[in-house]
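Notes follow once the structure below has been shown.
The values are calculated or read from the model by the stated rules, or taken from the named source; none is laboratory data. This one's a predicted model, so the numbers in the text were calculated from it and none came from an experiment. For neighbour counting, all protein chains shown are included, and Cβ atoms are generated from backbone atoms with ideal geometry for every residue, glycine included. Keep in mind that these areas ignore ligands, DNA and RNA; they rest on the heavy atoms of the full protein, side chains included. Shrake-Rupley method; radii C 1.70, N 1.55, O 1.52, S 1.80 Å.
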Amino acid sequence: MRKIILLSAFIFPLVVFSQIKKAPEVKEGEGPYTQLIIRGVILINGTGAPPIGPMDIVIEKNRIIQIVGLGNPGAPVNPEKRPKLKDGGKELNCEGMYALPGFIDMHGHIGGKEQGTPAEYVFKLWMAHGITTIRDPSCGNGLDWVLDEKQKSAQNLITAPRIFAYTVFGQGAKQPITTVEQTQEWVRDNAKKGADGIKFFGAPPEIMDAAIRENKKLGLRSCCHHAQMDVARWNVLNSARAGMTSMEHWYGLPEALFTDKTIQNYPLNYNYANEQNRFEEAGNLWKQAAPPYSEHWIKVMNELLSLDFTIDPTFNIYDANRDLQRTRRAEWHETYTLPSLWKFYEPSLVSHGAYWINWGTEQEIAWKENYRLWMTFINEYKNRGGRVTTGSDNGFIYQTYGFGYIRELELLREAGFHPLEVIRSATLYGAQALGMDKEIGSVEPGKLADLVILDANPLENLQYLYGTGAIYMNEKNEVVRKGGVKYTIKDGIIYDAKKLLADVKKMVDDEKAKTGFKITQPGM
Ligand SMILES: [Zn+2]
């Protein structure tokens, strides 16, 4: 999401940045250590392998060095078989806990002025949910701002995930880009400045084509939200053929699947700037596309597969469209949604993604059907070997950072993914899509030490990954909370995930105290 999708890349240079507060330079994690041994975990390594354990994982500084199996679960462990702790080393007893690779959020906006969310708030919610890498798709706070936070995160001067910066096409250009030469110049300049890629929203075909090709030539990656304003002349197939590496959301895919029309069946009084129009009609889009498993549907899918194209569906960010009340009343809002962010979510003609003008049963049922068709495509894409990744697009539409990402995992599960397939999408596939799979994305010797550790099996219930954990009743008929990430390890540095959440809660409490804010029900 972002408001700028209302504009074409051509008038983007007119948009002035509104930047949020950078994260403070405070050392909050412990480590890295000359040697860190994580003892006795059950490992889900991210490659699609089933859980195995108990294991000892040996890390030196920020690298995984060795992973040692300790035999059958429950059998006595021979201490001789365990890796020895060296002088100055650190042991982390994780007996019976589960370890996974650090998660990758492929669609992570670092908040904005409209949401009033300082970077510390966003970063801590991500890290508290095991997210150790994010891709910022548009650099809404400006490329320099993002690159500065990226640098500090790389040096672990701030508590933040690794950052990949994909600048929105045209950002910072002194004049509208109208020629192929200007396009290539902007792309080269973007690479020179240190961006990792480009995020598009659409542009005239010759500009899109030139930009994607030039960017690819430079070895950078690209993604696109194929917004309605340009999708009639350039959809995901055009992008994939030109060498784009990933698509965001769903935009541009049903359009590539049309067989009996070339333009979405807009009502004649539709206005794209009216967000109720935009999102309501989007809910009627998948049923205008070729039906699942039809000849054209399969042909388009196979071509995208042959181009090694990544799909980053961001299911969660449209979840409110099919059940507004559920999303609005999610149990974490009171404690972890910043008042300014809550205000941004509330029905409004001004905020982006607050289009609840007249939203009810009819819109929600249409969106439920829309999801069924969309999910069928995504699941089959995965079944045929396609790369589907996990992006949250959070900070919009009642999806709060971190929590919305875990919801995304649940929605891949709903689409038909096995929980191990979900975890692979969240880890190894994200790393591949970023071109980083030699360094991150799985727990294997030689890779960077990015791990998520929790006290419950996330395959049995993905909800254990929510910061709030999941409701669970013990033998004494007491309701307790199970799960929530315990440790997030990035670069061999151990962060207490519950402490990060407590910091976020304090930020929320402080803002509430200052403003006297309470979550209320609109109009009641
Ligand atoms: Zn977005």
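LYS438 is checked against (1) more than 16 Å from the chain's Cα centre (by Cα); (2) in a helix (DSSP H, G or I) and fails just one. What number does that condition carry?
Exception for LYS438: condition (2).
Pairs only if they're at least six apart or on different chains, beta carbon under 7 angstrom, first in segment 88-104 and in contact (Cβ under 8 Å) with a residue 24 or more places away in the chain, second among the basic types (Lys, Arg) and open to solvent by less than 40 Å² (accessible area, probe 1.4 Å); list them, first residue then second.
Partner pairs satisfying both residue conditions: GLU91/ARG39; LEU92/ARG39; ASN93/ARG39; CYS94/ARG39; GLU95/ARG39; GLY102/LYS490.
Can ALA433 be described as modelled with pLDDT under 95 and within 16 Å of the ligand (Cβ to nearest atom)?
Considered against the rule, which asks whether it is modelled with pLDDT under 95 and within 16 Å of the ligand (Cβ to nearest atom), ALA433 comes out as no.
Inside segment 450-524, counting only strands (runs of 3 or more DSSP E) that do not spill past its ends, which hold 2 or more residues that are open to solvent by 50 Å² or more (accessible area, probe 1.4 Å)? Can you show your working first?
Values: elements: 451-454, 470-473, 479-482, 485-490, 493-496.
Correct list: 470-473, 479-482.
Since PRO445 meets every condition but one in (1) surrounded by 23 or more Cβ atoms within 10 Å (Cβ to Cβ); (2) away from the ligand (no atom under 16 Å from the Cβ), which condition does it not meet?
Exception for PRO445: condition (1).
For THR167, work out the one condition from (1) away from the ligand (no atom under 16 Å from the Cβ); (2) crowded, with 23+ Cβ neighbours inside 10 Å; (3) of a type in the set (S, T, N, Q) it doesn't fulfil.
(1)
Can you pull out the residues in segment 280-320 that are within 16 Å of the ligand (Cβ to nearest atom) and part of a loop (DSSP other than H, G, I, E, B)?
PRO313, THR314
Looking at ILE212, ILE198, ILE177, ILE207, can you tell me which residue is farther than 28 Å from TRP367 by Cα, in contact with a Leu (Cβ under 8 Å, 6 or more places away or on another chain) and among the hydrophobic types (A, V, I, L, M, F, W, C)? Explain how you work it out, then say what you get.
On the way: ILE212 fails: in contact with a Leu (Cβ under 8 Å, 6 or more places away or on another chain); ILE177 fails: in contact with a Leu (Cβ under 8 Å, 6 or more places away or on another chain); ILE207 fails: in contact with a Leu (Cβ under 8 Å, 6 or more places away or on another chain).
Residue meeting the stated conditions: ILE198.
Going through segment 94-147 one residue at a time, which ones are surrounded by 24 or more Cβ atoms within 10 Å (Cβ to Cβ), under 26 Å from ARG221 (Cα atoms), among the aromatic types (Phe, Trp, Tyr) and more than 16 Å from the ligand (Cβ to nearest atom)?
Answer for segment 94-147, where residues must be surrounded by 24 or more Cβ atoms within 10 Å (Cβ to Cβ), under 26 Å from ARG221 (Cα atoms), among the aromatic types (Phe, Trp, Tyr) and more than 16 Å from the ligand (Cβ to nearest atom): PHE103, PHE123.
Residues to consider are GLY360, GLY353; find the one that is within 16 Å of the ligand (Cβ to nearest atom) and small (Gly, Ala, Ser).
Checking each option against the conditions leaves just GLY353.
Mind checking which residues of segment 261-279 are not in a helix (DSSP H, G or I) and not hydroxyl-bearing (Ser, Thr, Tyr)?
Within segment 261-279, LYS261, ILE263, GLN264, ASN265, PRO267, LEU268, ASN269, ASN271, ALA273, ASN274 meet the criteria.
Of these, THR245, THR310, THR259, which one is in contact with a His (Cβ under 7 Å, 6 or more places away or on another chain) and either β-branched (Val, Ile, Thr) or open to solvent by 10 Å² or more (accessible area, probe 1.4 Å) (or both)?
THR259
Based on what the data block shows, is VAL41 in a strand (DSSP E or B) and within 29 Å of ASP503 (Cα to Cα)?
yes
Taking the options ALA431, ALA497, ALA449, name whichever one is in contact with a Gly (Cβ under 6 Å, 6 or more places away or on another chain), more than 27 Å from MET247 (Cα to Cα) and not acidic (Asp, Glu).
Being in contact with a Gly (Cβ under 6 Å, 6 or more places away or on another chain), more than 27 Å from MET247 (Cα to Cα) and not acidic (Asp, Glu) holds for just one of ALA431, ALA497, ALA449, which is ALA449.
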